[in-house]
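Peer 1: Below is a structure I'd like to ask you about.
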Amino acid sequence: MASLSKIIDVHSHPVLAFGERAPVGEAKQPDWSVEGALSYMEEYDITACVLSAPAAANDATGQEARDIARRTNELLAEIVSKHPNRFGAVATLPALDADGALAEITYALDILKLDGVTTTTSHNDTYLGEPQFDPWLEELNRRRATLFVHPTTTKAGKTLLIGLNDSILEFVFDTTRMIANMVVTGSKKRFSQIKIISTHGGGTIPYLVSRIQTLEHTFGVGPGRLELSPEEVREGIASFYYDLTAATSEAQLYAILKLVPVSQLLMGFDFPLMPKSSFAPAIADIGRYPAFSETDLRSISYANAFLLYPELAKRIG
């Protein structure tokens, strides 16, 4: 059986002592440290992790949100500066504050030299794709930046958890809604130069893409939105990158590969929020999948990530 090596983990969360905590709903927050992360990386042959705190400023507004984003990004930049060939990092934004988000993009990418940007699927119950996010998406599009989008839970979603943690079901549904909304609003096509990573294998998107493209064309997407053909819907959904966090079973991989090529797949482990017991099986799942060649495994392990995060690739050498 072939195996992954030199893995770049694009889905790794520092658990910080300020701002909104790591995205695990109401569950107890795990401990996190740079040393602990390095130890985990050594254990699983992970060359580097790309750190993200996508929801850090979500619960704040105004200057407080700007301050939390700035403090988060400076801390991540400090970690990268101390371990440049082991960590990358993507910038947190005060996403509901257009001017603040634009200022933070400039500071984080031009001054701190972070590797990209992160945000959540929705903010204050509004999904990416709606016009209020256009100003900073336009800037990311101009820069051809990489955007890592992590699910969260809307207020309506909180009422539907059936006693389960948000991450078990609601996160995958929230990712599904975000992808669909960006496509049917035309946002994904208008900002096509942004390389958007959807987490957790795209939620339920690989399974539902045929249903979405058929029924969207049948029933439409609401007044004032684009009329898209089924082919345009599939094309939009297939233009995302997909990380394989908790999405490595044979059934999941089969569905994902019917949607996108190997060149759009990335490794992620969701450390320290996913149980460590899931990491080795995930690596083994990829290695034993019969359709993957040695070249495919290199692409998934690190080559695709290097294309999205070229400065990290340069640091690693």
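Peer 1: Counting only protein chains, not ligands or nucleic acids, how are GLU130, GLU227 ordered by accessible area (probe 1.4 Å), most first?
Peer 2: My answer, sorted largest first, is GLU227, GLU130.
Peer 1: Amide H neighbours of LEU51 under 5 Å, at least 5 residues apart or on other chains, H built in the peptide plane: list them.
Peer 2: Counting only residues 5 or more places away or on other chains, the set is GLY88, ALA89, VAL90.
Peer 1: Return a whole-number percent for the relative contact order of region 48-110, with Cα pairs under 8 Å and 6 or more residues apart as the contact set.
Peer 2: Across region 48-110, relative contact order equals 41 percent.
Peer 1: Counting only protein heavy atoms and using a 1.4 Å probe, what share of the accessible area of the chain belongs to carbon plus sulfur, as a whole percent?
Peer 2: Details: 7340 of 13680 Å².
On the chain, the fraction of accessible area on carbon and sulfur atoms equals 54 percent.
Peer 1: Could I ask something else about it? In whole percent, what relative contact order does region 78-197 give with Cα contacts below 8 Å and a gap of six or more residues?
Peer 2: That works out to 27 percent.
Peer 1: Let me ask you something else. Per residue, how much accessible area does region 96-206 show when a 1.4 Å probe rolls over the protein heavy atoms, in square angstrom? Show your work: numbers first, answer last.
Peer 2: Details: 4110 Å² over 111 residues.
Value for region 96-206: 37 Å² per residue.
Peer 1: How long is region 187-317 along each principal axis, judged by its Cα atoms, biggest number first, in Å?
Peer 2: Here the spans come out as 47, 33, 30 Å, largest first.
Peer 1: Okay, which of region 270-309 sit inside 17 Å, backbone N to the point 7 Å along the Cα-Cβ direction of TYR254?
Peer 2: What the label zone holds, given the 17 Å backbone N cut-off, is 285-292.
Peer 1: Still on this structure: Might you tell me the accessible area per residue for region 226-268, computed with a 1.4 Å probe and given in Å²? Intermediate values should be presented prior to the final figure.
Peer 2: Numbers: 1860 Å² over 43 residues.
Normalised by residue count, the accessible surface of region 226-268 is 43 Å².
Peer 1: Sticking with this one: ALA284 to GLN193: extension gain in nm, 0.36 nm per residue of separation minus the Cα-Cα distance?
Peer 2: This chain segment gains 29.4 nm when fully extended.
Peer 1: Using the charge dipole of region 165-306 (Lys, Arg: +1 at Cβ; Asp, Glu: -1 at Cβ; taken about the Cα centre), state which of TYR302, PRO223, PHE279 has its Cα farthest towards the positive end.
Peer 2: Looking along the dipole axis, the top candidate is PRO223.
Peer 1: Can I ask one more? Hey, could you get me the Stokes-Einstein D for the chain, Kirkwood radius over alpha-carbon pairs, 4 °C and 1.567 mPa s, rounded to whole µm² s⁻¹?
Peer 2: The estimated diffusion coefficient comes to 66 µm²/s.
Peer 1: Work out how much length LYS276 to ASN165 would gain on full extension: take 0.36 nm times their residue separation and subtract the Cα-Cα distance, in nm to one decimal.
Peer 2: The span from LYS276 to ASN165 would gain 38.2 nm if fully extended.
Peer 1: Still on this structure, I have one more. List the trypsin sites (Lys or Arg not before Pro) within region 54-131 that DSSP assigns to loop and that have no more than 13 neighbouring Cβ atoms inside 10 Å.
Peer 2: Sites meeting the loop and neighbour criteria: LYS113.
Peer 1: Tell me the trypsin sites (Lys or Arg not before Pro) within region 184-257 that lie in a loop according to DSSP and have at most 15 other beta-carbon atoms within 10 Å. Please report the intermediate quantities before stating the final value.
Peer 2: Working: sites: LYS188, LYS189, ARG190, LYS195, ARG211, ARG225, ARG234; in loops: ARG225.
In loop regions of region 184-257 (DSSP not H, G, I, E or B), the sparsely surrounded trypsin sites (Lys or Arg not before Pro) are ARG225.
Peer 1: Residues with beta-carbon under 10 Å from that of GLY268, excluding GLY268: net charge, scoring Lys, Arg +1 and Asp, Glu -1? Write out the running numbers ahead of the final one.
Peer 2: Numbers: positive: none; negative: ASP9, ASP243, ASP270.
Residues close to GLY268 contribute a combined charge of -3.
Peer 1: Normalised by the number of residues in region 1-157, what is the relative contact order in percent for Cα pairs under 8 Å and 6+ residues apart? Don't skip to the answer; put the middle values down first.
Peer 2: Values: 255 pairs, mean separation 31.8, N = 157.
Reported as a whole number, the value is 20 percent.
Peer 1: Let me ask something else. Please report the net charge: other residues with Cβ closer than 14 Å to the Cβ of GLU43, K and R +1, D and E -1.
Peer 2: Details: positive: ARG86, LYS276; negative: ASP9, GLU35, GLU42, ASP45.
Overall, the nearby charge balance is -2.
The values are calculated or read from the model by the stated rules, or taken from the named source; none is laboratory data. Given the structure is predicted, the values throughout are model-derived calculations rather than measurements. Cβ: placed from backbone, ideal geometry, glycine included. Neighbour counts: every protein chain shown. To get the accessible areas, we keep the full protein, side chains included, count just its heavy atoms, and leave off ligands, DNA and RNA. Shrake-Rupley method; radii C 1.70, N 1.55, O 1.52, S 1.80 Å.
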